[in-house]
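Below you'll find the structure, written out as structure tokens, and then a few comments.
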Amino acid sequence: MYHESGAEGRVTLAQHQKRNGFQQRAIGGKLVNMMNIPAPSPLPNHKRYFFEKFGLTERLLERCLGEALSAGGDYADLYFESVTATSLGVDEQIVKSASQGVSAGCGIRVLSGERTGYAYTDNLSSERLLHAARTAALIASGPATQTVQGFTEAPAADLYPVPLGGYDLDLAARLELILRADRAARAYDPRIVQVKAGYSEELRRILIAASDGAFASDTQPLCRLNVFVIAKEDATVTKGTAGGGGRAGLDQFTGSKSPESLAREAARGAILQLHAVPAPAGEMEVVLGPGWPGILLHEAVGHGLEADFNRKKTSAFTGLIGQQVASSKVTVVDNGTIAGRRGSLNVDDEGTATQETVLIEGGILRGYLTDKLSARLMNSANTGSGRRESYQHIPMPRMTNTYMLAGDDAPEDILRSVKHGLYAVNFGGGQVDITNGKFVFSASEAYLIEDGKITAPVRDATLIGNGPEALKHVSMVGHDLKLDEGIGTCGKDGQSVPVGVGMPTIKLDKMTVGGTGR
């Protein structure tokens, strides 16, 4: 892999979030539009952004793709990205961090068979772009060639109208959100002894042009509000967290996502744990609550259904399409087309429209999540799942919003059916081994179920199992499908992207629970 930085230095979103300052790249000189397309007035702003701000032209895009394929290759694409980010943090009623930043750059990829050449630069001058294109070409040089003959933009959805004018830089309204959360958490209970609240937002603009003629652009807003609290009673110290967000403006932080609601939820979780009993250990019936517990589905099953793992035959689901991999009550989909959701996208990071993809239907494995490379090598359809963290990273098959569809059972009937078991409502961290599907997850909020009734809250509960095997033990699926509040971030091969998860209440007839109680 190759990269290039301008004299002013590379500025990434991650770096901005770590600094308590502001840095912005400036492009000097007059920008002249030379692109031979209709005048800009009929086009939405995001479709003109890179041409007007950085002086790109259609001819330059074609030249870069031509250079990228100059040493041979089957396919090449250009991925332009510009991100404006803001982050604020309050700890103990004091503003401890505040940053605003801008990053911009282009990643150039060349595919030749299974080889990938990739180069990126944060200098969008024609010289640097052409140099990066030639470098990517040499990395992936191969015998095949592909000519570049103009671009065709396919229609795209409008899942998240950008707030008028984008995000302005007025920090007062953002700061008030987290101060409101701080006040509400402290007012919940005198045993709340520490409160941290944070707010982050970004406006991400992308432009993709490819040698197969694909051309796409998008402007993607994203906000998130988080609250973290610590409670203390005598020598017992507990913590609670809550958050919410999505692809919209500040007006989304109302109702269940208001600062007060999120603060009270975080405080409630911390106070609840003060008198929790040790979790039991052993194999037992387990009920998973709706919403965020879908993170277990995402990790234990979803990653194993990404096409690159299956193409390389390293997934527990490799070669199982058409076979029974779960209970007949289980249907799992990945859907990037839900308006306003954190994991939704009008187009993926290869310029392909996102879609709803059925992964498991009635317990039968139906397919994998694919990007352009996996689809070509596996001779399958492209599901619009090519995602990347930034212009510095290659795309790969990734999830968007992954969830289990609702069933016919009433949640109260599910709980009544359990003689002795665990009811897991919320989850913290976890680990999964893609090659065999084995997972370990910690439940941040869970309760005992005794004779069909929810009784004592428990602490230090972990769920241990195997993704494909666990789903075979799903015996009841509730009608209360719920998606998470918009807080998910998925990591894979060092890249992080925003995602959504969800599920209805479900019952697993047996699962191993780790704990210190009886």
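Which members of region 365-408 meet the condition of being under 17 Å from D493 (Cβ atoms) and of a type in the set (F, W, Y)? Matches in region 365-408: Y368, Y391.
One line per residue, one yes/no per condition, for (1) part of a loop (DSSP other than H, G, I, E, B); (2) more than 26 Å from A375 (Cβ to Cβ):
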position: A248; (1), (2): yes, yes
position: R268; (1), (2): no, yes
position: G291; (1), (2): yes, yes
position: T314; (1), (2): yes, no
position: K329; (1), (2): yes, yes
position: E350; (1), (2): yes, no
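The residues on offer are A216, A231, and the sole one that is aliphatic (A, V, I, L, M), crowded, with 22+ Cβ neighbours inside 10 Å and closer than 30 Å to D77 by Cβ is A216.
Hey, among S82, S70, S126, S112, which residue is within 24 Å of L203 (Cα to Cα), polar (S, T, N, Q) and in contact (Cβ under 8 Å) with a residue 40 or more places away in the chain?
S82
Considering only residues that are in a strand (DSSP E or B) and either at pLDDT below 95 or out of contact with any Pro (no Cβ under 8 Å at 6 or more places or on another chain) (or both), which ones fall in region 441-458? Quick ask: steps written out before the conclusion?
At the first step, the residues of region 441-458 found to be in a strand (DSSP E or B) are 441-450, 453-458.
Hits for region 441-458 are F441, S442, A443, S444, I449, E450, K453, I454, T455, A456, P457.
Among the criteria (1) in a helix (DSSP H, G or I); (2) in contact with a Ser or Thr (Cβ under 8 Å, 6 or more places away or on another chain); (3) under 17 Å from G198 (Cβ atoms), the one G244 does not fulfil is (1).
Could you go through region 498-512 and let me know if any residue there is under 24 Å from V330 (Cβ atoms), of a type in the set (D, E) and either touching a strand residue (DSSP E or B) at 6+ places or on another chain (Cβ under 6 Å) or not assigned by TED's automatic domain parsing to the domain that holds I338 (or both).
yes
Would you mind finding the one in A172, A119, A156 that is modelled with pLDDT of 95 or more and not polar (S, T, N, Q)? Only one candidate qualifies: A119. When T455 is tested against the conditions (1) free of Cβ contacts under 8 Å to residues at least 40 places away in the same chain; (2) out of contact with any strand residue (DSSP E or B) (no Cβ under 7 Å at 6 or more places or on another chain), the lone failure is (2).
Which residue out of H275, H303 is in a loop (DSSP other than H, G, I, E, B), of a type outside the set (D, E) and on the phi < 0 side of the Ramachandran plot? It would help to see each step written out before you state the result.
On the way: H303 fails: in a loop (DSSP other than H, G, I, E, B).
Just one listed residue meets the conditions, H275.
Can you tell which of K472, K492 is closer than 26 Å to L345 by Cα and surrounded by fewer than 22 Cβ atoms within 10 Å (Cβ to Cβ)? Even if it seems obvious, please write down each step before you answer.
Values: K472 fails: closer than 26 Å to L345 by Cα.
Checking each option against the conditions leaves just K492.
The values are calculated or read from the model by the stated rules, or taken from the named source; none is laboratory data. The shown structure was predicted, so the numbers you read here are calculated from the model rather than taken from an experiment. Virtual Cβ from ideal backbone geometry, glycine too; neighbours counted across all protein chains shown.
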